[in-house]
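> For reference, the structure I am asking about is given below.
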Amino acid sequence: MTEEEVVTRLKQAADAKRTTEQVATKQFEDAVVEALSGGMKPAAVAKATDYSYETIRRIARKYNLAPLREPTVTSRKKAQPDRDDS
């Protein structure tokens, strides 16, 4: 095989690998979204898939899934009432 043929073959193999990974990623994200939409908690999905909680959270945000609860942490600045320093 010539070097050009080898390079062409490598490019084809790399493209096939990328396509396969993209399809697998989409299928995984769809399964995660389905589980979360069905009421499964993100921590349970993370444990079942061996992916981190953060990865599951990112997928949920990517597909605009509503958080299970409202944020409870408030910054000090927002928690303190307005005051005049004069």
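The values are calculated or read from the model by the stated rules, or taken from the named source; none is laboratory data. All of these numbers come straight from a predicted model, not from anything done at the bench. So basically every Cβ, Gly included, is an ideal-geometry build from the backbone, and we count neighbours across all protein chains shown. Ligands, DNA and RNA are stripped out before the accessible areas are found, and what is left, the full protein with its side chains, is counted by its heavy atoms. Shrake-Rupley method; radii C 1.70, N 1.55, O 1.52, S 1.80 Å.
> Answer with yes or no whether Ser86 is of a type in the set (Gly, Ala, Ser), open to solvent by 70 Å² or more (accessible area, probe 1.4 Å) and either modelled with pLDDT under 80 or more than 30 Å from Thr25 (Cα to Cα) (or both).
Yes, satisfied.
> Could you list, in sequence order, all residues of region 42-63 that are under 14 Å from Asp30 (Cβ atoms) and in a helix (DSSP H, G or I)?
Listed by number, the residues that qualify are Val45, Thr49, Ile56, Ile59, Ala60, Lys62.
> With the structure loaded, tell me whether Leu36 is surrounded by 13 or more Cβ atoms within 10 Å (Cβ to Cβ), among the aliphatic types (A, V, I, L, M) and assigned to a loop (DSSP other than H, G, I, E, B) or whether it fails that test. Let's see the steps before the verdict.
Working: surrounded by 13 or more Cβ atoms within 10 Å (Cβ to Cβ): yes; among the aliphatic types (A, V, I, L, M): yes; assigned to a loop (DSSP other than H, G, I, E, B): no.
Answer is no for this residue.
> From (1) modelled with pLDDT of 95 or more; (2) among the charged types (D, E, K, R); (3) open to solvent by 50 Å² or more (accessible area, probe 1.4 Å), pick out the condition that doesn't hold for Glu29.
So Glu29 meets the others, but not (3).
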